[in-house]
Amino acid sequence: MAEDEELLDLVLAGPPHAHQPNVLLAAVHYLVLSGLEHPLASVYARGRATADAPAKFRDLCLTHRGELLELITTRRTQTNECGRSAVLALGLAVAADRLGEPLGLLDAGASAGLNLLIDEYRLDYGPHGALGPAHSPVVVECAIRTPALRLPPRLPLFSRRLGLDRSPVDVTKADDVRWLLACVWPDTGRLPRTAAAIDLARRHRPPVVAGDMVTDLRGVLGTFSPDTAVAVVTSWAYAYLSPDGRRQFVEILMDEGRRRPIAWVSAEGPGVVELFDPPPPPAGEGTNPSVLGLALFEGSAPDAEALALVHPHGTWLDWRGAMTVPA
Ligand SMILES: C[S@@+](CC[C@H](N)C(=O)[O-])C[C@H]1O[C@@H](n2cnc3c(N)ncnc32)[C@H](O)[C@@H]1O
């Protein structure tokens, strides 16, 4: 695409927020999921690239330019990856061990709120064990790369859970759901699991309020009972904030931490959370690993630590923290 003038023209005809590969890729996937009859559909259905896939992709883009332009103009990348629950669970377990239970749970940048359903999923850590209901329709597999790591016996208890997002996905709206699915890459095998998680969300309706995770953060935290510690989760969401937004976000958590204990469980790209240095990735690592971190705000300077290197979709976890998971 980067070398194709006609495809670049299509992208540049959209607004600046569309000038990233994910937006056009999702728009094409959206048309395919809408039932468009085009040879690319069979490539996506197979979930595996073929030698002629790029030519089919290009043909679809040029023959459906108008619909794609409309989509990239009106939609933004919107992902919600329930696989991340497997890594967030361990960060939340350490937070509960340090701050007590039950915890209030606030997912900032929650999208459709799929990770608020963390204790509805079967989190399968292979030989290390599993957490969550054995017969859940959503099974999240996460390979633990740290042989000595012991899992907690269960997930923490949550007194209340809430999501905050500037554009929450309404799981009852077919178009929104299709866009959410379109943002999942078709060749990763994550599509059926996301669809099953969306089905669960339709039944459980995890509450997600519309708002900004900086300017509305204080107000939303104020709706949690002052008697409970609150775990604020950001997963691949804090990264979207400007440097000033990030600074304000941390200041608000510090301020709130003077009223009651706050834990910030973050899963973000390396170096995004400046409170701790990311651990070095193992040599030869293909995917640039993200970092699971925990920062505790209890009235003084935050006690922050990188707990683990993690795959951005939660498929593996390599524990690096001194804070141990309560076994
Ligand atoms: C990459 S998605 C990640 C969603 C979810 N946390 C996950 O891990 O699956 C980023 C989310 O952050 C939200 N977001 C970005 N900036 C935001 C802001 N300033 N306030 C609230 N939400 C924001 C987006 O709407 C989007 O739903």
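Of all residues assigned to the range 137-150, none qualifies as being within 16 Å of the ligand (Cβ to nearest atom) and of a type in the set (S, T, N, Q).
Counting only residues that are over 20 Å from residue 7 (Cβ atoms), in contact (Cβ under 8 Å) with a residue 12 or more places away in the chain and not in a loop (DSSP other than H, G, I, E, B), how many does the range 32-44 have?
1
Among the residues of the range 115-134, is any in contact with a Ser or Thr (Cβ under 7 Å, 6 or more places away or on another chain), hydroxyl-bearing (Ser, Thr, Tyr) and at pLDDT 95 or above? Yes. Of the residues 150, 160, the single one that is in contact with a Phe, Trp or Tyr (Cβ under 7 Å, 6 or more places away or on another chain) and either in the same structural domain as residue 216 (by TED's automatic domain parsing) or in a loop (DSSP other than H, G, I, E, B) (or both) is 160. Each residue in the range 299-313 was checked for being at pLDDT 95 or above and either within 14 Å of residue 92 (Cβ to Cβ) or out of contact with any strand residue (DSSP E or B) (no Cβ under 8 Å at 6 or more places or on another chain) (or both), and 3 of them qualify. When the residues of the range 273-303 are filtered to those that are in a strand (DSSP E or B) and crowded, with 18+ Cβ neighbours inside 10 Å, the one that is farthest from the chain's Cα centre (by Cα) is 297.
Among residues belonging to the range 1-31 that are touching a residue at least 12 places away in the same chain (Cβ under 8 Å) and outside any helix (DSSP H, G or I), point out the one that is farthest from residue 173 (Cα to Cα).
Among those residues, the one meeting the criterion is 4.
Within the range 239-260, not a single residue is within 20 Å of residue 155 (Cβ to Cβ), β-branched (Val, Ile, Thr), more than 15 Å from the chain's Cα centre (by Cα) and surrounded by 13 or more Cβ atoms within 10 Å (Cβ to Cβ).
Restricting attention to the range 217-239, the residues that are within 16 Å of the ligand (Cβ to nearest atom), over 13 Å from residue 256 (Cβ atoms) and not in a helix (DSSP H, G or I) total 5.
The values are calculated or read from the model by the stated rules, or taken from the named source; none is laboratory data. Just so you know, these numbers come straight off a predicted model, no measurement behind them. Reconstructed Cβ throughout: ideal geometry from the backbone, glycine too, with neighbour counts over all protein chains shown.
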